[in-house]
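Just below is one structure, and these are the notes that go with it.
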Amino acid sequence: RTVIVDEDRLPLRTGPEEGSQEIALLERDVVARLETCEPDWCRISAGGYGGWAPKSALWGVGADEILE
């Protein structure tokens with residue numbers, strides 16, 4: 001399953017919180033593989049990087065959707 005990054009220069013983070021270290025910056029319209037989702041964050045992978053992004057910055061996953 002995939003999602004599309006809906007925010008320009010979206011930081012991909014090591015954990016599901018704003019204070020987590022940035023791993024990479026993803027450009028708008030990047031297609032990423034969806035791995036798991038918590039209430040507000042999803043773990044995704046793209047371009048050889050994997051990390052967490054706010055669910056609100058991703059197109060293709062519902063606001064109330066939880067994936068394990």
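The values are calculated or read from the model by the stated rules, or taken from the named source; none is laboratory data. Every value quoted in this text rests on a predicted model; they were computed, and no experiment measured them. Glycine gets a Cβ as well: all are built from the backbone with ideal geometry, and neighbour counts include every protein chain shown. For accessibility, only protein heavy atoms count, side chains too; no ligands or nucleic acids. Shrake-Rupley method; radii C 1.70, N 1.55, O 1.52, S 1.80 Å.
Miscellaneous remarks
- Residue within region 50-64 that is modelled with pLDDT under 95, on the phi < 0 side of the Ramachandran plot, open to solvent by 80 Å² or more (accessible area, probe 1.4 Å) and part of a loop (DSSP other than H, G, I, E, B) present: yes
- Of all residue pairs spaced 6 or more apart or on separate chains, those with beta-carbon atoms under 8 Å, a first member in region 2-14 that is over 11 Å from L25 (Cα atoms) and open to solvent by less than 30 Å² (accessible area, probe 1.4 Å) and a second member that is modelled with pLDDT of 95 or more and of a type in the set (F, W, Y) are V3/W59.
- Test: S45 is within 11 Å of the chain's Cα centre (by Cα), modelled with pLDDT of 95 or more and hydroxyl-bearing (S, T, Y): yes
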